[in-house]
Amino acid sequence: MRGKKQDLRLEAVRQRESLSPSEVHARSQLIQQTTVRFAPYRSARAVALYSPIGNEVATDNIRDHAFMTGKSVYYPRIAEADHPALIRVQSAQDLKPGRYGILEPVGDQNLPGGAESLAVFLPGLSFDLKGYRLGRGRGWYDRLLAGLKKGATLIALAYEFQVVDDVPVEALDRRVHYIITESRIIDCRMRVAVGLGSGA
């Protein structure tokens with residue numbers, strides 16, 4: 001399992017990092033334009049975003065739209081023992097490089113445990129149609145998702161080439177509900193419900 005994941009991770013990184021800056025910008029723009037029109041995002045009162053590293057899909061337009069429409073905006077911060085927490089930001093200026101060089105929130109307002117509707121946007125290296133995700137390899141998002149209430153909507157942002165037939169799955173892996181690429185929105189809940197044998 002570990003070797004298969006590592007091979008898939010290396011190939012995904014190779015493809016992603018081969019994109020030119022103009023390709024990253026153009027594809028990220030398309031993905032973000034689709035996202036801000038997407039009903040689960042529009043109905044969410046709070047959003048959790050990620051700070052992209054390398055050539056990951058950008059999230060700045062989603063962030064700015066969320067601020068403009070009055071949503072609460074959260075970003076992960078890696079605390080001691082690599083434990084992540086979602087911290088609220090009020091503007092882009094609340095994000096500063098953390099100990100891994102990734103932009104992190106500087107405030108101290110944690111995501112409340114109440115009933116506020118939440119859309120969580122996730123990065124990753126590869127995703128399959130059932131919603132399983134191959135992450136960056138440090139397990140940050142696995143731990144973050146484990147602490148979230150079940151009602152959160154999990155949305156992956158990915159380039160089309162990052163969608164593969166199968167991602168190696170472990171017992172505690174959580175599926176995303178949707179994947180948004182530059183060419184489509186994949187409803188992963190339906191893929192599991194109806195199966196993939198028909199070629200859907």
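Readers should treat all values here as calculations from the given coordinates under stated rules, not as data from a laboratory. Small disclaimer: the values here were computed from a predicted structure and weren't measured. Every residue, glycine as well, gets a Cβ built from its backbone with ideal geometry; the counts of neighbours run over all protein chains shown.
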Of all residues making up the range 68-91, the number that are over 18 Å from the mean Cα position of the chain (by Cα) and among the hydrophobic types (A, V, I, L, M, F, W, C): 3
Filter the range 1-23 down to residues that are surrounded by 16 or more Cβ atoms within 10 Å (Cβ to Cβ) and in contact with a Phe, Trp or Tyr (Cβ under 9 Å, 6 or more places away or on another chain) and give me whichever is nearest to Gly135 (Cα to Cα). Ala12
